[in-house]
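**Student:** Could you have a look at this structure, given as structure tokens, before my questions?
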Amino acid sequence: MIDVAIVGGGAAGIAAAREARKRGLKCVILEASQRVGGRACTDEWQGYALDLGATWLHSASRNPLGTLAEQIAFDIDRSAVPWRKQFNDLGFSQDEQAQSWEAVEAFAERLRSDPPPSDRAGDALEPGGEWNGFLDALNGYLNGTSLARTSAADFMAYWDSSENSNWRLPKGYGALLAALADELDIRTGCAVQRVEWSAGGLRLSSDHDVVEAKHAIIAVPTNALASGAISFSPQLDDRLHAAAQLPLGRVEKLFLTLADPESAPANAHLIGNPRSSDTGSYMLRPLGMPLVEVFFGGDWLEDVDAEGLAAKTREELGHLLGADFARSLSPVAYSDWKRHAFIRGSYSFARPGQHGARAALAAPVDGPLAFAGEACSETDFATVHGAWRSGQAAVAQLFGDVA
């Protein structure tokens, strides 16, 4: 019999399988889609690797994926990121850039020293503050939602633990996870719908198969879990409730080609409108690619499709770089995580008052199974390395720490 069946082939599931194999355990990954990697997905376009999901090795100096990439000779770009610099100060003077980041630090300090009783991060905004739109946009990129819907404690748990070191993978983050999954026993197209367990072990049922195992690790996104897509017997209503308090926000990426690659500098950054919450973060020619990489985040994306985001891109970049530049842009790839059948969003945020739901989701179950995924991390949620460590932790929870 299989020692551990892992439901979900994203970073958490891959990490759990590698950890189990290292312990000499027989394991299998049951992945609903046709590929591994979850919300890390690398698309190939004309020889370039386009990351439609996770892109950066965040907190790189303590990120285990960096070490693993080095071990398999997977290229890492350690160049400084330009996120805090506006290319040529277009529409955003140096003084304004300094003021906006001072507002961010002041906001974080208010949350740290005098958190709002509501635990609603938005309640710490200064009434009528000049940079409130900038702060809400930043939270859109970090959490995929507005500050009004975000737990202040959750915001600060991430903010105070993250490090300002971010590396990039020229071959793609999704490609790295696929490489790390090589030689693992993975069954794609296997959407588990029911998990039953008793003293004799577990049965995991899908449309096409029933897998029996001694233990299981559930490593699926919170929106899928909270939806009831997987039923449990005995029921695990407390875990489903915890998952519902950690919904996935809305973050999307869009790539557009440049008719003339020389019309933009490499690795330059622009914010479309620094005073608006509904704006894009633009990387011009990332890693020298002949593309613009666009990052959008927040509640405003709920009813906006790829065509709408392309129009938004042309509007904002046309204002900053000229109408001719904007007209030269042609979309080539779009993420659309919200409509992914087995994911249904980007990454988790905690509702006000619900930061503790992360620990509740990850807590030991009175049974032969455990939960994993980025939402289980109390500080590194919304990251691949947070998911990765949660997968390792789930194995330790079931089989004990390695001596």
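**Student:** Could you list, in sequence order, all residues of the range 95-141 that are open to solvent by 30 Å² or more (accessible area, probe 1.4 Å) and not in a helix (DSSP H, G or I)?
**Tutor:** ASP114, PRO115, PRO117, SER118, ARG120, LEU125, GLU126, PRO127, GLY128, GLU130
**Student:** When you scan the range 230-276 for strands (runs of 3 or more DSSP E) that lie fully inside it, which ones turn up with 2 or more residues that are open to solvent by 20 Å² or more (accessible area, probe 1.4 Å)?
**Tutor:** Output list reads 231-233.
**Student:** Just checking, which of ALA80, ALA98, ALA69, ALA121 is aliphatic (A, V, I, L, M) and within 23 Å of TRP388 (Cα to Cα)?
**Tutor:** The conditions single out ALA69.
**Student:** It is to be established whether one or more residues within the range 332-346 are assigned to a helix (DSSP H, G or I) and without any contact (Cβ under 8 Å) to a residue 24 or more places away in the chain.
**Tutor:** So far as the range 332-346 goes, yes, one or more of its residues are assigned to a helix (DSSP H, G or I) and without any contact (Cβ under 8 Å) to a residue 24 or more places away in the chain.
**Student:** I'd like the full set of residues that are of a type in the set (A, V, I, L, M) and either open to solvent by 20 Å² or more (accessible area, probe 1.4 Å) or assigned to a helix (DSSP H, G or I) (or both), limited to the range 366-381.
**Tutor:** Once the filter is applied, which keeps residues that are of a type in the set (A, V, I, L, M) and either open to solvent by 20 Å² or more (accessible area, probe 1.4 Å) or assigned to a helix (DSSP H, G or I) (or both), the range 366-381 yields only ALA375.
**Student:** OK, next. For the range 155-225, which strands (runs of 3 or more DSSP E) that fit wholly inside it have 1 or more residues that are surrounded by 15 or more Cβ atoms within 10 Å (Cβ to Cβ) and under 18 Å from the mean Cα position of the chain (by Cα)?
**Tutor:** The strands (runs of 3 or more DSSP E) meeting that bar are 210-218.
**Student:** Continuing with this model, one more query. Looking only at the range 36-66, filter to residues that are open to solvent by 70 Å² or more (accessible area, probe 1.4 Å) and either modelled with pLDDT of 95 or more or within 14 Å of the chain's Cα centre (by Cα) (or both); which one of those is farthest from SER162 (Cα to Cα)?
**Tutor:** GLN46
**Student:** Further question on the same structure: Evaluate the following for LEU398: is it within 15 Å of ALA242 (Cβ to Cβ) and in contact with a His (Cβ under 9 Å, 6 or more places away or on another chain)?
**Tutor:** no
**Student:** Still on this structure, I have one more. Check SER390 against each of (1) in contact with a Lys or Arg (Cβ under 8 Å, 6 or more places away or on another chain); (2) of a type in the set (S, T, N, Q); (3) assigned to a helix (DSSP H, G or I) and name the one condition it does not meet.
**Tutor:** Checking SER390 against (1) in contact with a Lys or Arg (Cβ under 8 Å, 6 or more places away or on another chain); (2) of a type in the set (S, T, N, Q); (3) assigned to a helix (DSSP H, G or I), the one that fails is (1).
**Student:** Just to be sure, is LYS26 surrounded by fewer than 20 Cβ atoms within 10 Å (Cβ to Cβ) and touching a strand residue (DSSP E or B) at 6+ places or on another chain (Cβ under 6 Å)?
**Tutor:** Answer is yes for this residue.
**Student:** As an exercise: evaluate ALA54 against (1) part of a loop (DSSP other than H, G, I, E, B); (2) touching a strand residue (DSSP E or B) at 6+ places or on another chain (Cβ under 9 Å) and give the number of the one condition it does not meet.
**Tutor:** Failing condition for ALA54: (2).
The values are calculated or read from the model by the stated rules, or taken from the named source; none is laboratory data. Predicted, not measured: the structure shown is a model, and the values here were computed from it. Positions of Cβ are generated from backbone atoms using ideal geometry, with glycine treated the same way; all protein chains shown enter the neighbour counts. All accessible areas refer to the heavy atoms of the entire protein, side chains included, with ligands and DNA or RNA removed. Shrake-Rupley method; radii C 1.70, N 1.55, O 1.52, S 1.80 Å.
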